[in-house]
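These notes are about the structure you will find just below.
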Amino acid sequence: MRRATTVIVGAGHAGLAMSRCLADRSIDHVVLERGEVANSWKTERWDSLRLLTPNWQSRLPGCGYDGDDPDGFRDMAETIAFLERYAERIAAPVEARTTVTSVRAVDGGYEVRTDRGTWRARTVVVASGACNTPVVPALAELLPAGIHALTPMEYRNPDQLPEGGVMVVGASATGTQIGEEIHRSGRPVTLSVGEHVRVPRTYRGRDIEWWMDRCGVLDERWDEVDNLDRARTVPSLQLAGSDDRRTVDLNALSWIGVRLVGRLAGIRHGKAQFAGSLPNMCALADLKMNRLLDRIDEWIAEADLEGDVPPRHRFEPTRVPQSPPLDLDLADGSIRTILWATGFRPDYSWLDVPVIDHKGRLRQEGGVVEAPGLYLMGIPFLRRRKSSLIDGAADDARDLSAHLASYLAAGRPIPARA
Ligand SMILES: Cc1cc2nc3c(=O)[nH]c(=O)nc-3n(C[C@H](O)[C@H](O)[C@H](O)COP(=O)(O)OP(=O)(O)OC[C@H]3O[C@@H](n4cnc5c(N)ncnc54)[C@H](O)[C@@H]3O)c2cc1C
């Protein structure tokens, strides 16, 4: 059996950020990774994906962006290279190709079993990712035979799909990006739209992420928002990274011919049934976008920058089809493929500590899990609105490594907010 003060599970950016912060505090640790550094980016993403966050926004502890394209968007090869370079630079003690198969509490610490031996540690950081498994609604089982169904983790590029129509279910970052790509490949796309978050790529001369960073939206804390549960389940922004910095919202998609329908509510007798709420969903998304833009405008006024940036303006409301279809025959051959862009969830099946609630989430406060010495990184709004972004890991890792160090020093559980 091998020993370390801390075992970090996962060598994505969150695990690496924590490794760097523990090293700064001279806390000996190991990072156990079932694949290699940046495994999720290497194995679970589609070919054309580019980060939707600009280059300047991939800051990790001790590492800012020093290239010559701060406003560009990394593709997958660049994202992987960036994380590999970071792991090398901080000399992260990564044990690659080591899958953690169980973690259980023993003698005031944890026993971590892997497919390559067992570790004993006083503390464990779960940095195994928020997007391990695609969420597919139960009604997927009702799809008529002959329809090719896949998830974003299986999707690589349009060439793998049969010719013919495609229904993409879900209109957040993943659904809108993949929907646009498939439609441009000549396969007509029907996009099923539920709740979504509309934002423009740029506003008043700057990237929307830049404004959200500047005016403090991304730094909002978990202990300050009114409804944390809700904040943690807000869909991802309808954003894409591209050289032309184009906005990929529903207007842009319907402009190129994507057909918009409501949320997929059921499948009966081979027919997809859509909720009639499409106009409301779109009106709500427009309203929320305008609230964000109002906030940016207020910040600009307060910072006395009115004269330095283009004037305030508003975007055309989402153009909703007059009478969107409420059902669609899935058996008539017009739809050959369904892509479930209906979200992702973490997988804690290897965690044998009784801290998982009925919804499969870890019971935790700001990353301090309800089991002494157990910590969590990398889930949406863990400690801040930016927690699930690469850019969010630095602050969270600093806070949680400080808590972990205090816990080790005190030798007893300490409150999450200490
Ligand atoms: C499609 C998509 C696009 C995204 N785009 C952006 C973006 O543009 N900008 C941005 O900032 N964020 C983006 N994100 C969000 C976020 O950065 C990623 O989800 C990111 O990969 C999360 O980092 P992580 O380190 O928490 O998890 P991961 O990168 O998933 O790392 C977790 C690691 O843990 C390993 N692991 C899991 N289970 C075990 C186990 N049992 N034993 C050993 N190892 C294990 C995995 O192999 C993996 O390497 C995107 C996410 C998705 C899904």
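The values are calculated or read from the model by the stated rules, or taken from the named source; none is laboratory data. Bear in mind that the values here come from a model prediction, so they are computed numbers and not experimental data. Cβ: placed from backbone, ideal geometry, glycine included. Neighbour counts: every protein chain shown. Just the protein is used for accessible areas: all its heavy atoms, side chains included, with ligands, DNA and RNA removed. Shrake-Rupley method; radii C 1.70, N 1.55, O 1.52, S 1.80 Å.
Summary table
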read-out	value
Residue 298 vs. criteria open to solvent by 70 Å² or more (accessible area, probe 1.4 Å) and under 25 Å from residue 385 (Cα atoms)	yes
Members of region 310-352 found to be of a type in the set (Phe, Trp, Tyr) and either open to solvent by less than 50 Å² (accessible area, probe 1.4 Å) or modelled with pLDDT under 95 (or both), listed by number	340, 348, 350
Conditions (1) closer than 22 Å to residue 23 by Cα; (2) in contact with a Pro (Cβ under 7 Å, 6 or more places away or on another chain): number failed by residue 379	(1)
Residue 46, sole failed condition from (1) in contact with a strand residue (DSSP E or B) (Cβ under 9 Å, 6 or more places away or on another chain); (2) closer than 28 Å to residue 175 by Cβ	(1)
In region 268-279, the residues that are closer than 21 Å to residue 142 by Cβ, of a type outside the set (Phe, Trp, Tyr) and buried (at least 20 other Cβ atoms within 10 Å of the Cβ)	272
Scan of region 68-83 for residues that are open to solvent by 50 Å² or more (accessible area, probe 1.4 Å) and within 12 Å of the ligand (Cβ to nearest atom), ordered by number	75, 78
Verdict on residue 117 being open to solvent by less than 40 Å² (accessible area, probe 1.4 Å) and at positive phi	yes
Within region 85-114, tally of residues that are farther than 13 Å from residue 33 by Cα and either away from the ligand (no atom under 12 Å from the Cβ) or crowded, with 17+ Cβ neighbours inside 10 Å (or both)	15
Residues (among the small types (Gly, Ala, Ser), open to solvent by 50 Å² or more (accessible area, probe 1.4 Å) and not in a helix (DSSP H, G or I)) located in region 128-148	145, 146
Subset of region 25-43 that is part of a loop (DSSP other than H, G, I, E, B) and within 7 Å of the ligand (Cβ to nearest atom) - its residue that is most open to solvent (accessible area, probe 1.4 Å)	34
Scope region 403-418; condition open to solvent by 50 Å² or more (accessible area, probe 1.4 Å), aliphatic (A, V, I, L, M) and at pLDDT below 95; matching residues	418
Output for region 366-400, where each listed residue is open to solvent by less than 10 Å² (accessible area, probe 1.4 Å), part of a loop (DSSP other than H, G, I, E, B) and within 12 Å of the ligand (Cβ to nearest atom)	367, 377, 382, 387
Given (1) open to solvent by 10 Å² or more (accessible area, probe 1.4 Å); (2) in a loop (DSSP other than H, G, I, E, B), index of the condition residue 171 fails	(1)
Hey, residue 154 open to solvent by 20 Å² or more (accessible area, probe 1.4 Å), of a type in the set (Asp, Glu), within 30 Å of residue 8 (Cβ to Cβ) and not in a helix (DSSP H, G or I) or not	yes
Leading residue by the ranking (nearest to residue 121 (Cα to Cα)) among those in region 1-24 that are assigned to a strand (DSSP E or B) and of a type in the set (D, E, K, R)	3
Test: residue 163 is within 16 Å of the ligand (Cβ to nearest atom), part of a loop (DSSP other than H, G, I, E, B), among the acidic types (Asp, Glu) and open to solvent by 10 Å² or more (accessible area, probe 1.4 Å)	no
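Residues are listed down the side, and each one gets a yes or a no for (1) in contact (Cβ under 8 Å) with a residue 60 or more places away in the chain; (2) in contact with a Gly (Cβ under 9 Å, 6 or more places away or on another chain); (3) among the hydrophobic types (A, V, I, L, M, F, W, C); (4) surrounded by 18 or more Cβ atoms within 10 Å (Cβ to Cβ):
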residue	(1), (2), (3), (4)
213	yes, no, no, yes
230	no, no, no, no
248	yes, yes, yes, yes
254	yes, no, no, no
284	yes, no, yes, no
288	yes, no, no, no
